[in-house]
Structure formats: C-alpha cells, structure tokens
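**Student:** Could you have a look at this structure, given as structure tokens, before my questions?
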Amino acid sequence: IKNYFKNKIVLITGGTGTIGSALALELLNYKCKAVRVLSNDENGLYELFERVKISTKNNNSNNFDVNMLKAKIRYFLGDIRDYERCEEVTRNADIVIHAAAIKHVNISEYNPSEAIKTNVIGTQNILRASITNKVSKFLLISTDKVVSPTNIMGVSKLQSEKIAINASETKGKIITKISCVRFGNILGSRGSVIPKYINLIKNKKNLVINNKDMARFVMTIDD
C-alpha cells in the first residue's frame, strides 16, 4: 500500500478529525509527494501542526512554512461548503479522501439544514471539484448509520453515498475512480461513547445506554 501512495498528492477533507488526522499522520510515512489537510477547524489545524512537528522530529523550529516543507504536509483552512475552495485544494491532487462530515446524531437532528449543507452539498462540492481537476481516486468515508437510517445524520450520509456512487452516470465519462467505505464507531474518537463513559465513571455517575438490545459496531483507529 505504501507504493500506491508514493509520490502522490493526497488531500484529506476533515483532516483534523479523529479519522482525518490519523490518516494524515500515517500517510507521512508513505513518501507522498504532499499530504494536504483541509479543515474548517483553525485550532485543529494548529494542533495537528504541533503533532506533526513531534512525530517527524521537526520540533527544533517553530517556522510554519519550514515545517510544512520538511514534513511534506499542507494545512488548508477552508470548508467543503465552499466550492471555489474545494476546486483550489483539489488542483493537481492525485487522491482525495473525503472524511469531513457532521456526525453527531442529536446535533444533526436539531440542525438538519446544516447537516445537509455539509454532508450532502459539501460532498457534492468536493466530488465535483475532484472530477473537474481529474483526480484519479476519490474515497468517501461513510458510516454504518446509513443502513435503514432513522435520523437526519444517517439520511444525509446515505445521500452523500448516492451522490458519489452515481457520479459516473450523472457526470458522464470521467477518469476519477470513486469508492465508498463505511466505518463503525471509532473507539475513543472525539465525541464518541467511550470518552463519555470514562467521564461518567470518573465522576461516579451511572452509565446511560440507549437500549440493552442495541448493538454497537466498534473499530479502533488502527483498524
């Protein structure tokens, strides 16, 4: 797999999230030409910059540009809701890994239009930009919650999948190869249930579960 990424420019959307940042740090070991990280989280980009400094042993210099060049990583502040920005960051990219999403069920339920703007329109934007810029590979990271969805988060992610897998039919002949992968719950990720349980235990509170018959599909970040 390292040979597949060697000398490639890889863009990761949502690159400061649990999945995106783990992918970025892993790809730095794969001799990519450059790893581009797109995020609307300014502080998240700064925190990733600090993590990269340590992991690549570039912590002797605080020069932002020098560290980017040495580590072969680029930190792009922007939002997939902005098509022009999507077109800029996908220019000359070989591979796009689309991890950006609104993922919290309750927040999405209360703010449905915002979930749609990111999960549906944002996906449409970054995919369209990738096709326009002739990116060779586009991978959408989806969720197990798209299976028979009962909430806006699952519905919007299912719609993002449909947009991706039907792109070749709606866009005509394209060179971009498009794939989707569905993840389960990432153990210990930001906003996931395990940190919540740990916090409850530390504060000597009862653990709260949705239903005793509910199944959770769990995977580690290394998986």
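**Student:** Once both labels are modelled 7 Å past Cα along the beta-carbon direction, what's the Leu207-Glu84 spacing in nm?
**Tutor:** About 5.0 nm, to one decimal.
**Student:** A further question follows. Report the relative contact order of the stretch 77-136, percent, no decimals, based on alpha-carbon pairs under 8 angstrom and at least 6 residues apart. Each step should come with its number before you reach the end.
**Tutor:** Values: 59 pairs, mean separation 32.3, N = 60.
Relative contact order of the stretch 77-136: 54 percent.
**Student:** What aspartates and glutamates sit close enough to Lys103 to cross-link, taking a C-alpha to C-alpha distance under 16 Å and skipping anything fewer than 8 places away on the same chain?
**Tutor:** Lys103 reaches Asp41, Asp79, Glu114, Asp144, Glu161.
**Student:** Further question: At a 1.4 Å probe radius, which order do Arg81, Arg36, Arg128, Arg190 fall into by accessible area, largest first? Could the numbers behind the result be given before it?
**Tutor:** Working: Arg81 90, Arg36 30, Arg128 110, Arg190 140 Å².
Result of the area sort, largest leading: Arg190, Arg128, Arg81, Arg36.
**Student:** Which entries in Lys72/Lys145; Lys6/Lys157; Lys57/Lys162; Lys57/Lys145 show an alpha-carbon gap greater than 32 Å? Kindly include the intermediate steps, with their values, before the conclusion.
**Tutor:** Values: Lys72/Lys145 34 Å; Lys6/Lys157 30 Å; Lys57/Lys162 42 Å; Lys57/Lys145 39 Å.
Checking Cα-Cα distances, Lys72/Lys145; Lys57/Lys162; Lys57/Lys145 exceed 32 Å.
**Student:** Rolling a 1.4 angstrom probe over the protein heavy atoms, how many square angstrom per residue are accessible across the chain?
**Tutor:** On the way: 13080 Å² over 223 residues.
Here the residues of the chain average 59 Å² of exposed surface.
**Student:** If contacts are Cα pairs under 8 angstrom and at least 6 residues apart, what is the relative contact order of the chain in percent?
**Tutor:** 17 percent
**Student:** Another one. Rounded to the nearest 0.05, what FRET efficiency do Asp144 and Asp65 give with R0 = 41 Å and r taken as the Cβ-Cβ distance? Could you check? Intermediate values should be presented prior to the final figure.
**Tutor:** Working: r = 40 Å, r/R0 = 0.98.
For Asp144 and Asp65, the calculated efficiency is 0.55.
**Student:** What's the carbon and sulfur percent of the stretch 183-223's accessible surface, probe 1.4 angstrom, rounded to a whole number?
**Tutor:** Within the stretch 183-223, the accessible surface is 53 percent carbon and sulfur.
**Student:** Got a number for carbon plus sulfur as a percent of the stretch 46-123's accessible area, 1.4 Å probe? List each step's numbers first, then the result.
**Tutor:** Numbers: 2290 of 4470 Å².
The value for the stretch 46-123 is 51 percent carbon and sulfur by accessible area.
**Student:** With springs only between Cα atoms under 10 Å, which of Ser148, Ser39, Ser168 fluctuates most in a Gaussian network model of the chain?
**Tutor:** With Cα springs under 10 Å in the chain, the top fluctuation among Ser148, Ser39, Ser168 is at Ser148.
**Student:** Here is a follow-up. Could you give each residue of the stretch 24-39 its phi-based ³J(HN,Hα) in whole Hz, using Karplus coefficients 6.51, -1.76, 1.60 with θ = phi - 60°, and x for Gly or Pro?
**Tutor:** 4, 5, 5, 5, 5, 8, 9, 6, 5, 5, 6, 10, 9, 10, 10, 7
**Student:** Going Cα to Cα from Lys202, which lysines come in below 24 Å? Please leave out same-chain ones fewer than 8 positions away.
**Tutor:** List returned: Lys212.
**Student:** Please state the relative contact order of the stretch 163-223 as a whole percent: Cα pairs under 8 Å, 6+ residues apart?
**Tutor:** Numbers: 35 pairs, mean separation 21.6, N = 61.
Relative contact order, the stretch 163-223: 35 percent.
The values are calculated or read from the model by the stated rules, or taken from the named source; none is laboratory data. All of these numbers come straight from a predicted model, not from anything done at the bench. Note that each Cβ is placed from the backbone with ideal geometry, even for glycine, and that neighbours are counted across all protein chains shown. Heads up: the accessible areas ignore ligands, DNA and RNA and are worked out on the full protein's heavy atoms, side chains in. Shrake-Rupley method; radii C 1.70, N 1.55, O 1.52, S 1.80 Å.
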